[in-house]
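The values are calculated or read from the model by the stated rules, or taken from the named source; none is laboratory data. Keep in mind it's a predicted model, so treat the numbers as computed, not measured. Positions of Cβ are backbone-derived with ideal geometry, glycine not excepted, and every protein chain shown enters the neighbour counts.
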Amino acid sequence: MEFIRSSPLVPWLLLFLAAGLAAVVVYLLWRWQRTAMRLAEVSRELAQAYARDSLTGLLTPRQFERELDHAVLHGDFEGQAVCVLYTDVDHFRSTNEAFGKQAGDQVLQELAKRIQTRLGSGIIAARMVGNEFAVIVRGGLETGRHAAALVTAACAAPILVQSKAKSQSLIFTCSIGLAAYPEHAERRNLVERAAMAMRSVKLAGGDGFAEYDPLLAQARRDSASLMHDLRGALERQEFQLYYQPKIDARSLQVTSAEALIRWRHPKRGLVGPDKFISLAERYGMMQSIGRWVIEQACLQAQIWREQGLSMRIAVNISGQQLRRDDFAEHLHSVLVQTGTPAARFTCEITESVALENTAATMLTFEKLRAMGVHVSIDDFGTGHSSLATLRKLPAAELKIDRAFVIDLESSEHAQFIANSVVRMAHALDMRVVAEGVETRDQRDLLVAMGCDELQGYLFAKPMRAKELGVWAAREHEKAEALFRPSLYFESDPLA
Ligand code: C2E
Ligand code: CA
Ligand code: CA
């Protein structure tokens, strides 16, 4: 023992042991720190993966809300406003239907990429749900408006969509809503109000931009109450059809009566279709209302025929009806039951719906062609029809949109459009109807252009079926009448 204690090696041994221990501790500490750093890195990666939408790489809605919390707090601190842009890609569903889900995904990915590129690297953008995107803009209304213009531009360039069957370059439009903090909303309802502004654009037909307006909230409450009442309106027999004649531009005889729906609301009085058709479409009610319109119009045509009046009957068909597999079959059975010849029935379909070009609408068009029913392309000039697309449709008639007729006397552009529509339609063996004719000057210009039929307040407003008979008889007797309408004239079938 004494030897060990007095040995000169002992301190060295102890030093060696201590150094070894220290090395082990340092190593362990280093390993622990490395693991901790790796862990942090992994959890950061995980958080990022969690916060990103797997399709587009944009933020998830949850992460977007966190970022918005931060932006608003920061904005409060700096005295700076914050805007939220809420964007919905218009007619996205029909792209999915026509080209498949994969093609729809390509569109969303491309749009997400463009939004990020246009708005810059620091942009905070999220995919909220389906085809809806939201963007945080640090700044006031002017900055928000500028960002909205950039998003619109991002949408505007064509997108090449590739599916198994085909590849096609498509042009999209967006509906964009903007709400600003603190001007329009508090933090808790900022996103909701931007979405509300977006929906107001949608209701007006899409492809546009709107800022939040307190009246929108009022309008929403109003449409909720209208919607509530609309549910039982068909059963309570509150709908009525009015009819507006179409007049042959040369003989001035009545060729056709267009059925236009009205809702006799127990409290609000007569409600026009502009107030409830889009609501009914949104809540899937247009199918049953549309069927009722067809049935009533054909019953009326039967009554007129029995009275010896044999003009054509025209009915407006919504996109929702046209997309149904059994639309043509239902129409066929009503035509048979009421003894209405198919060639005397016209489906008025708006240009935008006719252009949808989905498998479902194309199939319906084929069936209508086979039945011999005429199709009239309504509101023509508002979409982007080409000769090629028009040729594919069984359309016998184009209706020049009222917007061009209103401007006819004052705008060379409107005259040019109307003239081009007439020439294009005639080249395709179609008739042209001008709607919304209110003045003699408009009438004269349209007749000079070669328009085939005219419709508008200058001749007659929409009226109940009985009134139409009285009106025709009265006008018939007036020597100085602007025209000589005759319900007793059988218009040439356009088959
Ligand atoms: P539309 O098919 O373009 O019908 C023409 C609209 O313009 C009608 O409005 C008509 O009353 C109005 N109008 C006709 N001539 C003139 C004129 O000279 N001046 C002015 N300022 N207006 C004129 P209405 O009846 O309010 O219908 C609005 C829209 O609602 C229709 O536009 C149509 O798209 C839709 N609609 C009406 N009935 C039905 C229906 O039964 N089913 C469907 N799906 N849509 C319908
Ligand atoms: Ca129409
Ligand atoms: Ca129209």
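When you scan the stretch 349-369, how many residues do you find that are out of contact with any Asp or Glu (no Cβ under 7 Å at 6 or more places or on another chain) and either farther than 20 Å from I277 by Cβ or away from ligand 1 (no atom under 16 Å from the Cβ) (or both)? Counting residues in the stretch 349-369 that are out of contact with any Asp or Glu (no Cβ under 7 Å at 6 or more places or on another chain) and either farther than 20 Å from I277 by Cβ or away from ligand 1 (no atom under 16 Å from the Cβ) (or both) gives 8.
Residues are listed down the side, and each one gets a yes or a no for (1) touching a residue at least 24 places away in the same chain (Cβ under 8 Å); (2) surrounded by 17 or more Cβ atoms within 10 Å (Cβ to Cβ); (3) more than 24 Å from A472 (Cα to Cα):
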site	(1), (2), (3)
T361	yes, yes, yes
I377	yes, yes, yes
H384	yes, no, yes
S420	no, no, yes
A434	yes, yes, no
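With the stretch 170-285 as the region, which strands (runs of 3 or more DSSP E) entirely inside it contain at least 1 residues that are more than 16 Å from ligand 1 (Cβ to nearest atom), over 16 Å from the mean Cα position of the chain (by Cα) and polar (S, T, N, Q)? Spell out the reasoning first.
Values: elements: 174-181, 208-211, 239-248, 254-265, 269-271.
Ranges flagged: none.
Looking only at the stretch 411-470, how many residues end up being β-branched (V, I, T), within 14 Å of ligand 3 (Cβ to nearest atom) and not in a helix (DSSP H, G or I)?
Let us first name the residues in the stretch 411-470 that are β-branched (V, I, T), namely 417, 421-422, 432-433, 437, 439, 447, 470.
With within 14 Å of ligand 3 (Cβ to nearest atom) added as a condition, the list becomes 421, 432-433, 437.
Next cut, not in a helix (DSSP H, G or I) only: 432-433, 437.
The qualifying residues number 3.
Buried (at least 19 other Cβ atoms within 10 Å of the Cβ) and either among the basic types (K, R) or outside the structural domain of C451 (by TED's automatic domain parsing) (or both): which single residue out of A180, A259 fits that description? Walk me through it before giving the result.
Details: A259 fails: either among the basic types (K, R) or outside the structural domain of C451 (by TED's automatic domain parsing) (or both).
The unique qualifying residue is A180.
So which residues in the stretch 295-321 are crowded, with 24+ Cβ neighbours inside 10 Å and assigned to a helix (DSSP H, G or I), if there are any at all? Hits for the stretch 295-321 are A297, A301, Q321. If you go through the stretch 107-141 and keep only what is part of a strand (DSSP E or B), more than 18 Å from the chain's Cα centre (by Cα) and charged (D, E, K, R), you end up with R127, R138. For the stretch 373-410, the set of residues classified as under 21 Å from D248 (Cβ atoms) and away from ligand 2 (no atom under 16 Å from the Cβ) consists of L408 only.
Restricting the search to the stretch 337-354, which residues are within 16 Å of ligand 2 (Cβ to nearest atom), outside any strand (DSSP E or B) and not small (G, A, S)? Can you show your working first?
We begin by selecting, within the stretch 337-354, every residue within 16 Å of ligand 2 (Cβ to nearest atom); these are 345-354.
With outside any strand (DSSP E or B) added as a condition, the list becomes 351-354.
Scanning the stretch 337-354 gives E351, V353.
Looking only at the stretch 360-403, residues that are polar (S, T, N, Q) and within 16 Å of ligand 3 (Cβ to nearest atom) come to 3 in all.
Restricting the stretch 73-106 to residues that are under 28 Å from the mean Cα position of the chain (by Cα), among the acidic types (D, E) and outside any strand (DSSP E or B) leaves a set whose member that is surrounded by the fewest Cβ atoms within 10 Å (Cβ to Cβ) is D105.
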